[in-house]
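Okay, structure first, notes after.
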Amino acid sequence: MSNQLLVEKTDGYLLNVYADQIVDVVPSAKPDRQPCAIVMRYGEPVLLSEETNVIQIIEWWIENLEQSRKRSGAGNSGNA
């Protein structure tokens, strides 16, 4: 699985986001009035277009976090 994802912002531009730079994904109950957002480690939140499926972004992000934890945990198993 790739640790980067191409998302569409509210202004129509596309942006690559990296899983390890995401702090939170904020869904919106009414995306037509208040857009969903990705809170990044650095910089401003990325406001997502109405058409963006935020559920898929959250699933992708969680899967990347789990894989990252497995990789880091595998290297520490012999350090007891």
Mind counting the residues in segment 41-53 that are surrounded by fewer than 16 Cβ atoms within 10 Å (Cβ to Cβ) and outside any loop (DSSP other than H, G, I, E, B)?
-> 0
Whichever residue in segment 20-40 is over 12 Å from the mean Cα position of the chain (by Cα) and loosely packed, with under 15 Cβ neighbours inside 10 Å and, among such residues, is nearest to Ser68 (Cα to Cα) | Ala29
All but one of (1) free of Cβ contacts under 8 Å to residues at least 40 places away in the same chain; (2) open to solvent by 70 Å² or more (accessible area, probe 1.4 Å); (3) not polar (S, T, N, Q) hold for Val17, so report the exception by its number.
-> (2)
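The values are calculated or read from the model by the stated rules, or taken from the named source; none is laboratory data. Source: prediction; values computed, not measured. Virtual Cβ from ideal backbone geometry, glycine too; neighbours counted across all protein chains shown. Heavy atoms of the whole protein, side chains included, go into the accessibility calculation; ligands, DNA and RNA do not. Shrake-Rupley method; radii C 1.70, N 1.55, O 1.52, S 1.80 Å.
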